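Below you'll find the structure, written out as C-alpha cells, and then a few comments.
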Amino acid sequence: MLASDAGVPPRSARVGVRISVTDVDDSSARFQRSNYVFSVRENQPRDTAVGRVRAADADQVPFSDVVYALDRITGYDANGSVVAVSETAFSVDSSSGSIVTSYPLDRETVSGYRIDVTATSTIAGSISTATATVVVNVVDLNDNAPVFLFPTETETADGGGEDNPVIVSLSADIGDVVATISATDSDASANGQLVYSITGTKPNSARSLFTLDRVSGKLVVARKLPGVGVVRMQLAATDGGEVLSEVDRLTSSSTLVVNVVGGRDRPLRRVENDSLMSALASQHLAVVLTATLLYHDTQATHLLYVVAADSDPADRKSSPRPSP
Ligand SMILES: [Ca+2]
Ligand SMILES: [Ca+2]
Ligand SMILES: [Ca+2]
C-alpha cells in the first residue's frame, strides 16, 4: 500500500499488506476420470486388488471430505448378456477409493462387471455426489477340462460306446469318414481350443487302420480294413490350442468302439415283431400260415425268415361252406 501527503513536494511511504482468504465449503468432489477399466484374474482369493478410483475436492481440510461407495453392480456373461450378480461382489475403501473382490470370481459365470462408484462430499453444509463408471474385466484362467460330446463319456443311444458302437463296413474305402469326434470346453480363446488324438487301440494292431484329424475330429479309414472285428479306441481331447505350455493344458479321454462288419459277418439281432408278415397275413396269402422273422442284421439288408406252410390254409378253413 502507498500513502502520500499533500505537501510540496509530497512525501509518501509504502508498506506490503498480506491478505489471507479463508476457505469455505464451496467445492464438491469430482472424479479425475468418469470411466475406469480394470482387469482381475478369475479364481483369486477375496480382497484381491482390482484398482483405485480418485475424486478430488478443491476445498481444504476439513471441507475436502470425500467418501467413496459402490452404488450398483451389473454383471455380464461372455456374450455380453446381463446376468444376476451379488451386490457384494466388490467393496471399496471409503477413504482411499481402492476396490477389492469379495470372493473368487468365475469368468465362465460372469466375465465382466460394471460398477457405479460414488464420491460424496459436503458443500455449504449439504451433501453432493459425483459418480464414475468402473468396468472390471475378469481374465480367463484354464480351469475347465474338455468335455466329450462324441463319443459321450456316459453311455447314450448314439454315443459310440460299448452298447452302441460305430459300424464300419469291411469294404470301406480309404478316406471314408467313420465318425466325427467332438468335445467342448467352456474356457476362452486358447484355454478352450481343443485338439484330438488317438492315445491307443485294442487290439494294438488296429492303430494304423484309422487316422484322426487333430482339429476337425474327423476319424477316417487310413488303409484297407483287413477283417471284421471290434476296435476299442482311446481318444483324448486336449485344450490349450497348442499355444499353452504342456503343464497348463487339460486333457479328457473317452473310448470309441468301432465294429468292422462284413456282408456275412454282420451281427444278427432277434426281431420280435414282423410287420411284413402281418401285412401278408392280412392280404389272405394263406399259403403262409406261420412265419417268424428271426433276425435281421444291423443294417437291415439281410432278412432271415422261418416260414411254415400248411396244406389246409387258414382262409380255406374259414371259407363259408355251401348251404345244402
Ligand atoms: Ca472359472
Ligand atoms: Ca476359465
Ligand atoms: Ca479349458
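No value in this document is a laboratory result; all are computed from the given coordinates. Everything quoted here is computed from the prediction, not taken from an experiment. Here the Cβ positions follow ideal geometry from the backbone for every residue, glycine too, while neighbour counts run over all protein chains shown.
Dipole of region 5-161 computed with +1 at Lys/Arg Cβ and -1 at Asp/Glu Cβ about the Cα centre; of A119, Y76, V50, farthest Cα towards the positive end is A119.
Whole Å is fine, so just give me how far the alpha carbon centre of region 59-119 lies from that of region 177-250. So the two Cα centres are separated by 44 Å. Orientation-averaged projection of region 147-261 equals 7.0 nm² [convex hull of Cα atoms, one quarter of hull surface area]. Most tightly packed first, judged by the mean number of other beta-carbon atoms within 10 Å of their residues, the peptides 204-216, 131-143 read 131-143, 204-216. Find, to one decimal place in angstroms, the Kirkwood hydrodynamic radius of region 23-139, where the mean of 1/r is taken over every pair of different Cα atoms and then inverted. With all distinct Cα pairs of region 23-139 included, I get 14.8 Å.
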